[in-house]
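S.K.: Before we start, here is the structure in question, set down as structure tokens.
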Amino acid sequence: DINLWNSRVKENDLIYHLGDFSTAEYSPDNSHNLKQIFNQLNGKKFLTCSPNDSPIAKYDLKWVASYGIQEITIEGYMLVLSYYPFDCWHNQLHGAMNLFGSMFESQRKHNRMSVNQNNFFGLPLKLEQIVKQINDLNFVY
């Protein structure tokens with residue numbers, strides 16, 4: 001729901017979408033409809049592409065940027081953003097977290113978490129929510 005999204009996301013919030021934004025087949029109508037929805041969603045949106053993302057999602061929408069894998073630091077947290085989970089990733093031993101968009105994870109791993117929106121009712125997660133969940137999962141080890 002666009003209104004629910006916009007109640008949680010402000011216009012200048014950074015949004016990192018980790019794949020599967022849209023799998024719609026290409027047609028002028030689908031492209032037009034997806035653009036309308038996309039343009040109503042608040043936030044400065046970045047895409048990490050998945051193999052399932054349609055050409056509409058990858059090329060027709062006005063992402064700030066589009067990547068295969070992103071390495072970023074936000075509020076002192078090193079993040080490796082991807083569609084698939086990694087067994088090892090850059091700066092893993094220095095606290096970097098692997099956040100990924102694929103819904104399925106075969107095993108839990110320290111500092112790795114699926115942020116697939118299907119797991120969170122289609123709503124974006126705030127960084128502090130992610131860090132808390134990862135810390136809670138890490139505590140189990």
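S.K.: Where is the GNM fluctuation largest for the chain (alpha-carbon springs, 10 angstrom cutoff): 37, 69, 15?
M.R.: Maximum among the listed residues: 37.
S.K.: Near the amide H of residue 19, under 5 Å away, which other amide H atoms are found, from residues 5 or more places off or on another chain, if H is placed in the peptide plane?
M.R.: 48
S.K.: Whenever you get a sec, line up 134, 2 from highest to lowest accessible area (probe 1.4 Å, protein heavy atoms). Could the numbers behind the result be given before it?
M.R.: Values: 134 0, 2 45 Å².
In descending accessible area the options line up as 2, 134.
S.K.: Report the gain in length on full extension from residue 121 to residue 32: 0.36 nm times residue separation, minus Cα-Cα distance, nm rounded to one decimal.
M.R.: Details: separation 89, 0.36 × 89 = 32.04 nm, distance 2.50 nm.
Contour length minus Cα-Cα distance gives 29.5 nm.
S.K.: For a quick check of understanding: with a 1.4 angstrom probe and all protein chains in place, what accessible area in square angstrom does residue 29 have, to the nearest ten?
M.R.: Surface accessible to solvent at residue 29 totals approximately 110 Å².
S.K.: Could you tell me, in Å, what Rg and Dmax come out for the Cα atoms of region 41-120?
M.R.: Reported Rg and Dmax, both Å: 13.2, 38.
S.K.: For a quick check, take a GNM of the chain with Cα springs below 10 Å and name the residue from 123, 93, 34 with the largest mean-square fluctuation.
M.R.: 93
S.K.: Now a separate question. Relative contact order for the chain: what is it in percent, counting Cα pairs under 8 Å that are at least 6 residues apart?
M.R.: Details: 233 pairs, mean separation 27.0, N = 141.
Value for the chain: 19 percent.
S.K.: Can you sort 77, 16, 83 by 1.4 Å-probe accessible area, starting with the largest?
M.R.: Working: 77 90, 16 60, 83 20 Å².
Descending accessible area places them as 77, 16, 83.
S.K.: Could you go through region 15-23 in sequence order and give the Karplus-derived ³J(HN,Hα) for each residue, using 6.51 cos²θ - 1.76 cosθ + 1.60 with θ = phi - 60°, rounded to whole Hz, and x for Gly and Pro?
M.R.: 10, 10, 9, 9, x, 6, 5, 7, 10
S.K.: With all protein chains present and a 1.4 Å probe, how do 48, 23 order by accessible area, largest first? Could you put the intermediate results ahead of the total?
M.R.: On the way: 48 0, 23 90 Å².
Greatest to least solvent exposure: 23, 48.
S.K.: Next question. For residue 138 and residue 67 in one chain, what is 0.36 nm times their gap in residues minus the Cα-Cα distance, to one decimal in nm? Let's see the in-between values first.
M.R.: Numbers: separation 71, 0.36 × 71 = 25.56 nm, distance 2.78 nm.
Residue separation times 0.36 nm, minus the Cα-Cα distance, leaves 22.8 nm.
S.K.: Can you tell me the accessible area per residue over the chain, all protein chains present, probe 1.4 angstrom, in square angstrom? Working shown, then result.
M.R.: Values: 8530 Å² over 141 residues.
On a per-residue basis, 60 Å².
S.K.: Summing -39500 (n - 2.57) over the DSSP H runs of n ≥ 4 in the chain and dividing by its residue number, what mean residue ellipticity at 222 nm do you reach, to the nearest 500 deg cm²/dmol? Display every interim value, and only then the final one.
M.R.: Values: 3 runs with 33 residues, N = 141.
Only helices count here, giving -7000 deg cm²/dmol.
S.K.: Along each of the three principal axes of the Cα atoms of the chain, give the extent in whole Å, ordering the values from largest to smallest.
M.R.: 49, 30, 23
S.K.: Most fluctuating residue of 131, 80, 115 in a GNM of the chain with Cα springs under 10 Å: which is it?
M.R.: 131
The values are calculated or read from the model by the stated rules, or taken from the named source; none is laboratory data. Nothing here was measured: the structure is a model prediction, and the numbers come from that model. Please note that ligands, DNA and RNA were not included when accessible areas were found on the heavy atoms of the full protein model with its side chains. Shrake-Rupley method; radii C 1.70, N 1.55, O 1.52, S 1.80 Å.
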